[in-house]
Amino acid sequence: MAIKITDECINCGACEPECPNNAIYEGGVEWALSDGTTVKGSFTLMDGSVLDSDTRNAPISVDTYYIVPNKCTECQGFHEEPQCAAVCPVDCCVPDEMYQETVDELLAKKEKLHL
């Protein structure tokens with residue numbers, strides 16, 4: 001399952017540089033699948049929809065840092081634990097129950113993001 005940032009976020013930014021998938025954005029900042037990945041062209045999202053990797057998408061949050069679930073691999077294949085959660089001073093990086101994924105699914109997502 002992906003990680004999410006809760007409303008307890010204090011906007012310190014400690015998590016953003018730790019993400020190997022560039023899945024974490026400051027509140028209000030648009031995101032793209034190609035940011036920090038090798039994805040080019042069309043990309044199929046977890047819900048089956050297709051998105052151009054360079055398209056700038058509306059922020060998921062405007063007030064606090066946020067994680068793009070389609071880019072989050074819980075650091076599988078990179079680290080032993082999600083790095084955002086490891087560095088968060090207020091423990092607001094928690095599993096997102098809306099995105100149930102197995103380790104194999106997370107590793108497959110990592111491979112799609114970093115060919």
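Kindly put Leu45, Leu115, Leu106 in sequence by how many other C-beta atoms sit within 10 Å of each C-beta, fewest to most.
Ascending Cβ contact count within 10 Å gives the list Leu115, Leu45, Leu106.
Our summary gives the chain a relative contact order of 40 percent, counting only alpha carbon pairs under 8 angstrom and 6 or more residues apart. Label zone (Thr44, point 7 Å along Cα-to-C-beta; backbone nitrogen cut-off 20 Å) within the range 60-80: 69-73. Of Ser42, Ser34, Ser61, the residue with the greatest mean-square motion in the GNM of the chain, using alpha carbon springs below 10 Å, is Ser42.
Relative to the Cα centre, the charge distribution of the chain, modelled as +1 at Lys and Arg Cβ and -1 at Asp and Glu Cβ, gives a dipole magnitude of about 420 debye. Ordering Phe43, Phe78 from the fewest to the most neighbouring beta carbons within 10 Å gives Phe78, Phe43.
Read the figures in this text as sums done on the coordinates, not as results from a lab. Just so you know, these numbers come straight off a predicted model, no measurement behind them. Positions of Cβ are generated from backbone atoms using ideal geometry, with glycine treated the same way; all protein chains shown enter the neighbour counts.
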